[in-house]
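So the structure is just underneath, and the comments pick up after that.
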Amino acid sequence: MAVVIASDIGKDVAGSPLMRGISFKLERRDRMTLSGRNGAGKTTLLRMIAGQASIDVGELSHQKGAKIALHDQRPPREQDLTLRDYVLSGAREIVAVEQELARLEQRMADGDYEESTLNAYARAQARLEHFGGYRWRDNAQSMLHGLGFRDDALDRELSTFSGGQLTRASLARALAGAPDLLLLDEPTNHLDIASLEWLEQYLISMDSAIVLVAHDRWFLESVGTAVLELEAGRSRFFAGPWHKWRQEQAARELALGRAIDKQQAEIERLEKFVERFRAKATKARQAQSRVKRLERIERIERDPRDQEGLSFQFARTERAGRVIFELDEGRIEVPGKVLLERAELWLERGEHVALVGPNGTGKTTLIDTLAGQRPLPAGKLRTGHNIRLGYLSQHAENLGETGSVLDACQRATRLTPNKARALLGRFLFSGEEAQKPLNGLSGGERQRLSLAILVNSGANVLILDEPTNHLDVESREALEDALEQFDGSLLLVSHDRALLDAVGSRTVAIEDGRLNSYEGGWADYLRVREERRAAELAARERAGGKKPKASSNGGSSNGGGGGGAKKNAAKAAAPAPAKPALSKNAQREAKKLEREIEKAETALTELEVELADPDAWADAGRSAANSERHAAARRAVEELYARYEAVAG
């Protein structure tokens, strides 16, 4: 059954149509992403679906009794509530069911066992179970943990939180009420990667219809099952994952370009014929026919805004020394707290390194220190020769608040007005946009201006802190292309996993207060991280006398603990006493293999305990070697079981 159906709905703004003909149908577990350039009406459409904005044309219908929750970028109004109370206030319906159950229980305690009372109690009990039962408050608290809040924050008033924390609180409130229809506007804002991963899995598990707007490509691909594309006031629905829609969109753009080229060639041919033969009496009739054909042609045109988009690249850089910088035994701290102790980090010429870690572990403080923005409290920081550093901070503080976009650009670049305007035009500050006052810029505009100044700097070393903040998908892709082609050195902090994977040649992770280095981008780091977690889990289970459960292929699905599962399977298939049907030679061989299996499994267990130590994964060389050791130990166990099964039958 559909949770929401939109039939040709439309919206007017200031008397003019903003959108028309918007149609879609969503059932439970459908997760539709909205795509469209800024100003296309994505946020407006979410509010129309939520009933917070009027629908001027068409019809929108919801499943009877459907509960709707909207999370958007507006801060909470109830600033005097604690975080806990604010989040639980999103579940008023659940609280009402609890109150109804309490009332009915009191009636039954007073002797009311009428069939209507019992039926009402059963219905209320079923509704509470639908919302997660009596543990729904615990579930709400788990949501807050998943979104990065600690227990000591739960009883603080909202007025004590930052804007980013309030945004996360609003998201938790929307999730807590277990809505039938969940509407999310930029839910990934202010989340670190761990919270993003938690949110992805939570949304996928929800028995709800979901409509969301986001610019995080990895998130869109992980969560979305369909795309509604808003373009030029109309919509186009695509059933399928986000990357398939992008492929289809690119194919449409290519086909449109070819159609325009073909039509233009036909128009030029007709115009040449008319121009050539209009004055000749013998060809006048044919020329007039061509004129009429020209008049009947419906011109295929692109939306002028399709030509808008970041388009830039970094110039070739001067060659720096082999070692850009090297941090040895460094301490990174903020007042009252040491974030990293005895930290080691290096960057070599031409390397593109991604720095990752949870919020609050010191990423920004570390790169501020490396960029010379704050002193190093302890340790040594050596820098190479011929280094020109370009630093992009997370909040673009270096721009200031006085003057215009053009003024800030000229101050930072020393370009003439004409050259500064040309540079700004590549970053979507054309014409009057270049005269916008700095104190009136949006977050995305400040980020684009900072990127423009950075591109012109001639830096051969870039240190970037969250460069995709406030950028749309197309701008993120343009930045990704430019960084991939950048021939200098790069140290990048970002929550955009698609950017980390595309650009990073090495990943440095802050783990348990240490810096660990891994070869490759985000996907490579993710693989190593999951292998390590599997090894740690298997080691803990073995130490506790438990065996990992066998997967469908008889081994561990994530690469850890396969030997124990196979041992259980072998015991079930072949009891320890030799079968009478086996020959004596076969019995001896089976017993020999059982002893070898026991030894191989003991070695595998000891290795997994060893690999549970973070030191085993402290650098790329150790990570690769230990991954191979673990794989070889597992293969040895599997090969022995294969031989055992061949002998024992």
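Here Glu445, Glu480, Glu484 are screened, and the one residue that is acidic (Asp, Glu), farther than 27 Å from Leu34 by Cβ and not assigned by TED's automatic domain parsing to the domain that holds Pro187 is Glu484.
If only one of Leu451, Leu464 is surrounded by 23 or more Cβ atoms within 10 Å (Cβ to Cβ) and outside any helix (DSSP H, G or I), which one is it?
Just one listed residue meets the conditions, Leu464.
So in segment 37-63, with the set limited to residues that are out of contact with any Gly (no Cβ under 7 Å at 6 or more places or on another chain) and at positive phi, which one is modelled with the highest pLDDT? Among residues in segment 37-63 that are out of contact with any Gly (no Cβ under 7 Å at 6 or more places or on another chain) and at positive phi, the one modelled with the highest pLDDT is Gly51. For the list (1) closer than 20 Å to Ala194 by Cβ; (2) assigned to a strand (DSSP E or B), I need the number of the one condition that Arg382 fails. Against the list (1) closer than 20 Å to Ala194 by Cβ; (2) assigned to a strand (DSSP E or B), Arg382 comes up short only on (1). Restricted to segment 87-179, the set of helices (runs of 4 or more DSSP H) holding at least 2 residues that are closer than 28 Å to Leu203 by Cβ, among the basic types (Lys, Arg) and in the same structural domain as Arg77 (by TED's automatic domain parsing) comprises 163-176.
Can you list the strands (runs of 3 or more DSSP E) lying wholly within segment 476-568 that have 2 or more residues being at pLDDT 90 or above and either among the basic types (Lys, Arg) or under 20 Å from Leu191 (Cβ atoms) (or both)? Of the strands (runs of 3 or more DSSP E) lying wholly inside segment 476-568, those with at least 2 residues that are at pLDDT 90 or above and either among the basic types (Lys, Arg) or under 20 Å from Leu191 (Cβ atoms) (or both) span 489-493, 506-511.
In segment 426-441, the condition of being among the hydrophobic types (A, V, I, L, M, F, W, C), in a strand (DSSP E or B) and within 31 Å of the chain's Cα centre (by Cα) is met by no residue. Looking only at segment 422-475, residues that are free of Cβ contacts under 8 Å to residues at least 60 places away in the same chain and at positive phi come to 2 in all. If you go through segment 170-188 and keep only what is farther than 18 Å from Met32 by Cα and in contact with a helix residue (DSSP H, G or I) (Cβ under 6 Å, 6 or more places away or on another chain), you end up with Ala172, Arg173, Ala176, Gly177.
The values are calculated or read from the model by the stated rules, or taken from the named source; none is laboratory data. Please read these numbers as outputs of a predicted model, since none were measured by experiment. All Cβ positions, glycine included, derive from the backbone under ideal geometry; neighbour counts span all protein chains shown.
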